[in-house]
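Chemist: Please find one structure pasted underneath; my questions will follow.
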Amino acid sequence: MSGQLGEPQEGPSHAGLDLPNPERNEAGVQRGVVRRRRSWIQKVLEQATDSPLQWITPSEVVPVAVLAVQRYLLEGEARDMESKPPLYCYDVTISDGVFREKCYLDPSLNFLVYKNILKVGIEVKISRVSCVYNEKRLGQGILCIDNVHCGESLDAISLEIPFRNRAHREIPERPLRGGKSHYLALWNNEDPYGDIWLSNKEPEEYNFNDTRIISLSHLEMTWSTRRNFPALLVRILHKSKLRYYGKPNKKMTEPYQTFLEVADSSGTVSAIMWNALCPEWYKSLHVGLVLLLQDYSIKKSYPFRMKPLPVNPRVKLISTMEICLNLRDPPTNIIIIPEEQVKSEWRLPKLNYRFITRSELDDMPQNSICDVIGVLVYVGRVQRSKKKESREEFWSYRWIHIADGTSEQPFIVELFSTSQPEVFENIYPIESFFTAISEVRKEIEDLQYREKKRIAIQGIITVIKYVPYSGATESASASETLRNADRPSTSQAAKRESQSQERDGKPQDDGPVSSQCCHTTSASLSPPKKKRTLQEPIPVPQPETAAQTKGNKPDMPSIFQRQESTSTGSKGKARKTISDKWESQTWREKKFGLIDHLQYGCIYPESIPRRFVLEHRNFLTEQYNSQPAKYIPQEGRPPKLYEFKSALVLGHFEVTILGLNHDIAISVAFLPEYSPEDVRTSQIGTLLTCMNYSCVFPKELTGNDKLQGPRALTGDIIKAAAELDKVHIVGILDICNLGKNKTEVYLHKIYRPDKTS
């Protein structure tokens, strides 16, 4: 029921001070309706408008809460030009528990904001107010705070209190005075602030059939003789911070400017985004996006502007012209092209980063430009410094320390707020560090039975090898056996494994599944006794295609290393085997000079998910529980673990990560899930995305691909690996001790810091 006690009502909107009908606000009961208490804000407004001086000292001073302090540039008004007010003014939103009201703070009180005395969340007492009219707006009366006493912080303030004046709740928010349409950030001019800044621009498919595109180099030679300019297809290589150039006497509504360095295959040029286009597009554009630019203008380049260093030095730098992007004259059309629509024949330049480690920093020349990756170990408080020749404009910055594990000393960085408040204001140190790749072995050695630990390392992915799964895999033992601190060499392990197999005449069921395992071709539950050749590749049955029938091999991407060999099955017939593998040029150059290569790319049988068989529930329960304290005799002959059908479909990947110092590497297992129901993975196009979801989405298969099933999906992951060549990544590893000196290391996720916003 409306009008109940304690439930404030908004008054009707009127000209002037937008005063509600006084009859509605009298205390008491009328016509069966209980009236709420009267608003102090409303009572003061009524007194101010009735006063011949248009200012009053309230007879009753009631504490009110401060909900907002907002800054803006005040345009010169006739009244202001005489008193020469400060460049910036402040609107203060207060609440008396019944209504909210946005008030203008008299410029003489600006020092309270400068000193952070008047701030949000505190209680204040206003002892003098006046009524100010904006003569550029019809009937807009404003409550002005002329004298105020600031109190202590409040424990809690309700945000459900309505505005008394309906105009104050309009979106986007507008300042009370002047002609500006938006507020500025409170402490600097570089950060986008308020609801005029959009962030909802998304890539969209574009039909290029009727679009004429010109290269930057051709445009440079012909722009002065053209009247109309064809579209540009470019990639963003650099994005500057916002520049606010508002002045009191300029009539610009949104006086902003930002610089983009954009490039195609022929050159790099500066694109300047002006005014109202900045709030619409700035937060949606980031480095790496591909843009189609239409209806732009061109002007001669400003010779004295300091440009950033070229991101890609192999691309020509065009310095004779600049691309102008504006909301009018003409209105520029900007389209973000989806990455999956970008074609290789466009030859758009890729982003080049200059990553260095902390151990390399001391050898860098002074004033070098570089990129760093690491974990925040210290975050200092925000500080401000005045800009040159300005008493009201500041830079915001803070000091941070970044550790990357290559040195005992961190990177010490002076971090400025470069129009990224959502990042600058929300960074914090992490209480765990990166594990140096040289320390991984010790982390593994310290684990006890069934203990699991997650660590983060940095490095470069240099090898990705697909290890297909087959039933025969587990009916054979491995040449790469137990991985422990004092493990024997591969040749010693292989010799011992061979002797064991000849002695027992049967396979062991705890050998790891890896790309170097030896296998038989038998898939029966009781494999026959036989001798096997070590280091024999995994046999993968391949369906015969039409091309193979005619004696032609199907085309393979150059990224593949297709290794073919033969293995002899139980019937003595030769069978071809295939290993899908990508290897970077960096690995080819560094692998023979490593001081250590930790090899944990295998998967042990007890880690492979199994189909549950009810009659063997006791055996399966024992396998996946912890080791019992007392011996429990088995009934009958216990089965072997490999006799139970695996739930695996895809097999796994063996991923080799090279440390940042290029002297130690580790090979780990990555086990993707097969989840056709997971819609999120339908857009998987890179190995990175696949690993972040730990899932491979099955594409629609036709023809002979259906015979291979999920096996055909692995090609996409191998192909995508080329994108990670020389890219620094953060790898999250899961380490688990299985007992009997068996340890597995899984790649849980990878992150590319250069892709993180």
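Chemist: What number comes out for accessible area per residue over region 332-444 if the probe is 1.4 Å? Units Å², please.
Modeler: 64
Chemist: In square angstrom, rounded to the nearest 10, how much accessible surface does Lys316 have for a 1.4 Å probe?
Modeler: Around 100 Å² of this residue is reachable by solvent.
Chemist: A follow-up question, please. Based only on Cα atoms, what Rg/Rh ratio does region 594-668 have, Rh being taken as Kirkwood's radius?
Modeler: On the way: Rg = 18.1 Å, Rh = 15.6 Å.
Reported Rg/Rh, Kirkwood definition of Rh: 1.17.
Chemist: Starting from the Cα-Cα distance between Val61 and Phe111, subtract it from 0.36 nm times their residue separation and give me the gain in nm to one decimal. Don't skip to the end; give the middle numbers.
Modeler: On the way: separation 50, 0.36 × 50 = 18.00 nm, distance 2.24 nm.
Length gained, Val61 through Phe111: 15.8 nm.
Chemist: Same structure again: So if each residue of separation counts as 0.36 nm, and I subtract the Cα-Cα distance between Ser153 and Gln47, what length gain in nm does that give? Mind showing how you got there, number by number?
Modeler: On the way: separation 106, 0.36 × 106 = 38.16 nm, distance 2.86 nm.
So the chain would gain 35.3 nm between Ser153 and Gln47.
Chemist: Amide H of Leu598 versus every other amide H placed in the peptide plane: which residues, excluding those fewer than 5 positions away on the same chain, fall under 5 Å?
Modeler: Ala665, Ile666, Ser667
Chemist: Ranked highest first by the average count of other Cβ atoms within 10 Å around their residues, in what order do 253-262, 735-744 fall?
Modeler: On the way: 253-262: 19.8, 735-744: 17.8.
The peptides rank, most packed first, as 253-262, 735-744.
Chemist: Using the beta-carbon distance between Arg617 and Glu439 and R0 = 35 Å, what value does 1/(1 + (r/R0)^6) give for FRET efficiency, to the nearest 0.05?
Modeler: 0.25
Chemist: Let me ask you something else. Counting only the heavy atoms of the protein chains, how much of Ser270 is accessible to a 1.4 Å probe, in Å² to the nearest 10?
Modeler: 0
Chemist: Let me ask another. List, largest first, the extents of the alpha carbons of region 266-371 along their principal axes, each in whole Å.
Modeler: In descending order, the Cα extents are 50, 38, 28 Å.
Chemist: Follow-up. Distance in nm between label sites at Tyr378 and Arg752, each 7 Å beyond Cα in the beta-carbon direction?
Modeler: 3.3
Chemist: When the accessible area of region 316-357 is split by element with a 1.4 Å probe, what percent falls to carbon and sulfur? Before the final figure, lay out the partial values.
Modeler: Details: 1170 of 2350 Å².
Of the solvent-accessible surface of region 316-357, carbon and sulfur hold 50 percent.
Chemist: Could I ask something else about it? By accessible area of protein heavy atoms, probe 1.4 Å, what ranking do Val287, Val120 get, highest first?
Modeler: Highest to lowest solvent-accessible surface, that is Val120, Val287.
Chemist: Which sequence of Asp446, Asp195, Asp580, Asp155 reflects their accessible areas, 1.4 Å probe, from the largest down? All intermediate terms of the calculation are to be shown ahead of the outcome.
Modeler: On the way: Asp446 90, Asp195 65, Asp580 10, Asp155 165 Å².
Ranked from most to least accessible, the order is Asp155, Asp446, Asp195, Asp580.
Chemist: Provide the gained length on full extension for the span Tyr206 to Ser319, in nm with one decimal, where the gain is 0.36 nm per separating residue minus the Cα-Cα distance. Could the numbers behind the result be given before it?
Modeler: Details: separation 113, 0.36 × 113 = 40.68 nm, distance 2.98 nm.
This chain segment gains 37.7 nm when fully extended.
Chemist: Once label points are set 7 Å from the Cα along Cα→Cβ at both Ser301 and Lys388, what is their separation, rounded to one decimal in nm?
Modeler: About 2.2 nm separates the two model spin labels.
Chemist: Pairs to check: Lys241/Lys283; Lys442/Lys581; Lys250/Lys387; Lys250/Lys307; Lys442/Lys740; Lys180/Lys201. Give those whose C-alpha atoms are more than 19 Å from each other in this structure.
Modeler: Lys442/Lys581; Lys250/Lys387; Lys250/Lys307; Lys180/Lys201
Chemist: So for the pair Lys343, Ile632, with labels modelled 7 Å out along Cα→Cβ, what separation do we get in nm?
Modeler: Those two pseudo-labels are separated by 6.5 nm.
Chemist: Apply the Debye scattering formula to region 383-458, with a single equal point scatterer on each alpha-carbon and no solvent, then give log10 I(q)/I(0) at q = 0.22, 0.27 Å⁻¹.
Modeler: Here log10 of I(q) over I(0) equals -1.06, -1.27.
Chemist: Ok, one more. Keeping all protein chains in place, calculate the accessible area per residue for region 117-265 (probe 1.4 angstrom), answer in Å².
Modeler: Details: 7920 Å² over 149 residues.
Per-residue accessible area for region 117-265 comes out at 53 Å².
Chemist: So, one more: Of all accessible surface on region 104-254 at a 1.4 Å probe, what whole percent is carbon and sulfur?
Modeler: Carbon plus sulfur share of accessible area: 48 percent.
Chemist: If R0 is 45 Å, what FRET efficiency do you get for Leu594 and Ser181 from their C-beta distance, rounded to 0.05?
Modeler: It comes to 0.15.
Chemist: Here is a follow-up. Within 10 Å, count the other beta carbons around each residue, average over each peptide in 392-399, 615-622, 217-224, and list them highest first. Don't jump to the answer; show the numbers that get you there.
Modeler: Details: 392-399: 16.4, 615-622: 12.6, 217-224: 14.4.
Final packing ranking: 392-399, 217-224, 615-622.
Chemist: Counting Lys and Arg as +1 and Asp and Glu as -1, each charge on the Cβ, what is the dipole of region 204-287 about the Cα centre in debye, to the nearest 20? Kindly include the intermediate steps, with their values, before the conclusion.
Modeler: Values: 11 positive and 8 negative charges, 110 e Å.
Here region 204-287 has a charge dipole of around 540 debye.
Chemist: Quickly rank 197-207, 418-428 as a protection proxy: mean count of other C-beta atoms within 10 Å, highest first.
Modeler: Top of the packing list down: 418-428, 197-207.
Chemist: Here's something else I'd like to know. Please list, by residue number, everything in region 53-73 whose backbone N is under 16 Å from a paramagnetic label point 7 Å out along Cα→Cβ of Lys125.
Modeler: Only 57-66 fall inside the zone, counting backbone N under 16 Å.
The values are calculated or read from the model by the stated rules, or taken from the named source; none is laboratory data. What you are looking at is a predicted structure, and each value in this text was computed from that prediction instead of being measured. In this analysis, Cβ positions are derived from the backbone assuming ideal geometry, glycine residues included, and neighbour counts consider all displayed protein chains. SASA here: full protein model, heavy atoms, side chains in, ligands and nucleic acids out. Shrake-Rupley method; radii C 1.70, N 1.55, O 1.52, S 1.80 Å.
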